[in-house]
Amino acid sequence: MSKDTPLDRFYELDLLRFIAAFSVLLFHYTFLNGVQVQSVPIYPFLESIFKYGYFGVELFFMISGFVILLSAQNKTWKSFIVSRITRLYPAFLIAVTITSALILIMGSIDSNLSLSQYLWNLTMIPEYVGVQNIDPVYWTLQIEIKFYFWILILLLFKQIQNIEPIILIWLAISVLDIFGLQYTIIRRLLMPEWAPYFSAGALFYIIKTQGINTQRLAMLGLCFSLSLYFATDNASNKTDIYTIYFSPYILGLLLAFYYVLFTYIINNNKKIQLPHALFIALGGISYPLYLLHQKIGSLLFVENVSFGINKYLLLFLITTIMIIVSYVLYRYLERGIAKNMKQKLEHLLRLSHPRLIPK
């Protein structure tokens, strides 16, 4: 989820970001709410379709693999830290605060939210100290941060240009995980079940910038095979948990579709007339929308269902509210905070390393 420069920006990825976030929203609103929350509307027809919306997370990880490798090019490890902090934290800090306030104001089973839980959530890694996420969707950010950490290590040791053999090692660890990787700390640090998605995105970027060869094509094939295995295993687990069938064939088709989209993007050398401003806006609101929608949406469903509003109208209204609030956050809060934060961090870096970041 990097903020690419206009010359290097892939506008199609902005649209994919929004589609990924929106599919996760529909998964929560039309399926998971009905399973986990009492007294909310159920949507049997929509549920049968959007129960697969959770697979938008895997699309996010593929996008991250692509754009983070793009973002890391020609960066020092310190400037990479600045870019990641200013990309993730402004919207996150606002989202955690808004969500916490609404939990306390509207009341819920989480209304005993403590100041300590709120403060630990601001670190973005509360589960590492045994503190529950205020909103369940935050779990993916901890996966992203681990991926950023390993990219940071490569930058620190000036090995980012040698990432291909490192990707191959990472994929080998994923293969070992299928056969029962016993070392929990390795699984926790290297997240082998998510490695094929990040790796696929990174490989698509490498192919885009350096061309395709037999090795890269074979590694991409390995990414697809491993992703398909983990997606199928996840579908089986969800079938057991929710006692509703999740088809591995549909997930396989979705995964193949993701690969087709990325293949199109890296081979689309024609600059078609995309609605750039709209795509950028959709990409911009995708992160706030992802952060805000689940817990707040659940509270809004519970609060308003007693008024007898048509359930489809309620779904439309809550979804619209989430999109509008996300746009306001992105347009009027997040960008300004990120800009000021970036200026301050870069100023600190110039004080200690005058040549690190050019003026």
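Descriptive notes on the structure:
- Residue list for the range 237-264, filter: among the hydroxyl-bearing types (Ser, Thr, Tyr), surrounded by 13 or more Cβ atoms within 10 Å (Cβ to Cβ) and part of a helix (DSSP H, G or I): THR239, TYR242, TYR258, TYR259, THR263
- Sole exception among (1) surrounded by fewer than 19 Cβ atoms within 10 Å (Cβ to Cβ); (2) closer than 30 Å to LEU152 by Cα for GLU58, by number: (1)
- The lone criterion from (1) free of Cβ contacts under 8 Å to residues at least 40 places away in the same chain; (2) among the hydroxyl-bearing types (Ser, Thr, Tyr); (3) surrounded by 12 or more Cβ atoms within 10 Å (Cβ to Cβ) left unmet by THR320 is number (3).
Table: residues versus (1) closer than 24 Å to HIS293 by Cα; (2) free of Cβ contacts under 8 Å to residues at least 24 places away in the same chain; (3) not polar (S, T, N, Q).
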{"position": "ALA91", "(1), (2), (3)": "yes, no, yes"}
{"position": "THR97", "(1), (2), (3)": "yes, yes, no"}
{"position": "ILE105", "(1), (2), (3)": "yes, yes, yes"}
{"position": "GLN117", "(1), (2), (3)": "yes, yes, no"}
{"position": "MET124", "(1), (2), (3)": "yes, no, yes"}
{"position": "LYS146", "(1), (2), (3)": "yes, no, yes"}
{"position": "GLN161", "(1), (2), (3)": "no, yes, no"}
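- Checking VAL40 against (1) in a helix (DSSP H, G or I); (2) touching a residue at least 24 places away in the same chain (Cβ under 8 Å), the condition it does not meet: (1)
- Residue check, GLN159 surrounded by 12 or more Cβ atoms within 10 Å (Cβ to Cβ), of a type in the set (S, T, N, Q) and under 26 Å from THR76 (Cα atoms): yes
- Matching residues in the range 129-161 - criterion: being out of contact with any Phe, Trp or Tyr (no Cβ under 8 Å at 6 or more places or on another chain) and farther than 20 Å from SER64 by Cβ: GLY130, GLN132, PHE157, LYS158
- Screening PHE80, PHE55 for residues that are under 25 Å from MET341 (Cα atoms), of a type outside the set (A, V, I, L, M) and out of contact with any strand residue (DSSP E or B) (no Cβ under 6 Å at 6 or more places or on another chain) leaves exactly one candidate, PHE80.
- Filtered residues of the range 100-126 (kept if modelled with pLDDT under 95, in a helix (DSSP H, G or I), in contact with a helix residue (DSSP H, G or I) (Cβ under 6 Å, 6 or more places away or on another chain) and more than 26 Å from GLN38 (Cα to Cα)): PRO126
- Flag if LEU222 is of a type in the set (A, V, I, L, M, F, W, C), over 30 Å from THR86 (Cα atoms), buried (at least 22 other Cβ atoms within 10 Å of the Cβ) and over 18 Å from the mean Cα position of the chain (by Cα): no
The values are calculated or read from the model by the stated rules, or taken from the named source; none is laboratory data. All of these numbers come straight from a predicted model, not from anything done at the bench. All Cβ positions, glycine included, derive from the backbone under ideal geometry; neighbour counts span all protein chains shown.
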